[in-house]
Amino acid sequence: MLILVTGASGLLGSNLTAAAVQQSWSVLGTWHEDPVEIPGASTIALDMSDRAACVAVATSFEPEVIVHAATEGAPGPFEYEPQLGRVGRIAAENTLAAARTVRARYVLVSCDWVFSGLRAAGERWVEDDFPEPVNAYGRAKLVAEELVREANVGWLITRVADVYGVNMAKPADQSFARHVWERSGSALRLVGRLREGHSLPAPADVHRSPTYAWDYAQRVCELVAMRREGVLHTAGPDAMHRREYLRLLARAFACDPELVREGSLAAYLEACGEDQRLPLPPNTALDDERARAALGHQAVDVEAGLGQMGEQLRRVLDQA
């Protein structure tokens, strides 16, 4: 199978690219500003705001599937830089145009923030629930979902949540170890704070479904191989309070779990490297029953996933 993955320099895109290589597929990953390499895959620069360039890359490679995993950055800036939402819409439009040109199937990586979060603790969102995002990042993802639904291509929308893992891309212009720590999302940033002895504030009312990036990528590859279509929640199986998640993270990396304390939402967002004014929906835990039924198994739970993440980090850094 020939598969094109956008955003191969990011956490999800690099894991999707590496997982597709593991399937013995021919894989082309794209990056925009930061050149990267992923063993077993080809990589190429692509400006997704350029429709002709998107179509040209697809025409040259002729993928059977295009996986659109690229994002326009962290969620916080979306609140105050409306052009990021417009850029995201254009990227979805142009990659969909590329898929139509070569008659490729299309997979969109969306997220739990398309929902309002206004659910009681313990309740989960299912695929048929009405999306009503409360922040600009969630609205941008919902716009992309609507474009995919209306497109004349075979499509799959996967909604993921609260991703943790290790960035698998090797940068061409900086230290691999530095790239891994800086570009692997909030989990490793929080581990860095814990190792320095800083406390981590856990907001009282935030529940999500933490998702191990490598496990998610493997599940998506299975769904692609099965030619599944529609909307599927592909987040981790645990609906988890922030305090519980952060303490598991501390234990997985041999840090003191007592450093995790109840704190304000603003303090938590600051620790994650996010804008403190970002509206964060309180409960976006996703029910992944449909994906479980399709695949015949569930995603790894958080405790196991964090352990695997630690082992993956050690292997990757040993190769640096």
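In table form, for the structure just shown:
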item: Residue list for the range 245-279, filter: in a strand (DSSP E or B) and either of a type in the set (Lys, Arg) or surrounded by fewer than 20 Cβ atoms within 10 Å (Cβ to Cβ) (or both); result: ARG261, GLU262
item: Residue match in the range 210-219 (condition: out of contact with any Gly (no Cβ under 7 Å at 6 or more places or on another chain), touching a residue at least 40 places away in the same chain (Cβ under 8 Å) and surrounded by fewer than 22 Cβ atoms within 10 Å (Cβ to Cβ)); result: yes
item: The lone exception for PHE78 - which of (1) buried (at least 16 other Cβ atoms within 10 Å of the Cβ); (2) in a helix (DSSP H, G or I); (3) at pLDDT 95 or above it fails; result: (3)
item: Matching residues, the range 284-300, being surrounded by fewer than 17 Cβ atoms within 10 Å (Cβ to Cβ) and assigned to a loop (DSSP other than H, G, I, E, B); result: GLY296, HIS297, GLN298
item: Unique match (being within 17 Å of the chain's Cα centre (by Cα) and acidic (Asp, Glu)) among ASP215, ASP256, ASP205; result: ASP215
item: Verdict on GLY296 being within 17 Å of the chain's Cα centre (by Cα) and on the phi > 0 side of the Ramachandran plot; result: no
item: Residue in the range 153-172 that is surrounded by the fewest Cβ atoms within 10 Å (Cβ to Cβ), counting only those that are in contact with a helix residue (DSSP H, G or I) (Cβ under 6 Å, 6 or more places away or on another chain) and assigned to a loop (DSSP other than H, G, I, E, B); result: VAL153
item: Residue check for GLY236: in contact with a Pro (Cβ under 7 Å, 6 or more places away or on another chain), touching a residue at least 60 places away in the same chain (Cβ under 8 Å), of a type outside the set (Phe, Trp, Tyr) and buried (at least 22 other Cβ atoms within 10 Å of the Cβ); result: yes
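Condition check ((1) at pLDDT below 95; (2) within 21 Å of the chain's Cα centre (by Cα); (3) over 27 Å from ILE38 (Cα atoms); (4) in a loop (DSSP other than H, G, I, E, B)) across all residues:
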{"position": "ASN94", "(1), (2), (3), (4)": "no, yes, no, no"}
{"position": "GLY117", "(1), (2), (3), (4)": "no, yes, yes, yes"}
{"position": "ALA140", "(1), (2), (3), (4)": "no, yes, yes, no"}
{"position": "LEU147", "(1), (2), (3), (4)": "no, yes, yes, no"}
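The values are calculated or read from the model by the stated rules, or taken from the named source; none is laboratory data. Every value quoted in this text rests on a predicted model; they were computed, and no experiment measured them. Reconstructed Cβ throughout: ideal geometry from the backbone, glycine too, with neighbour counts over all protein chains shown.
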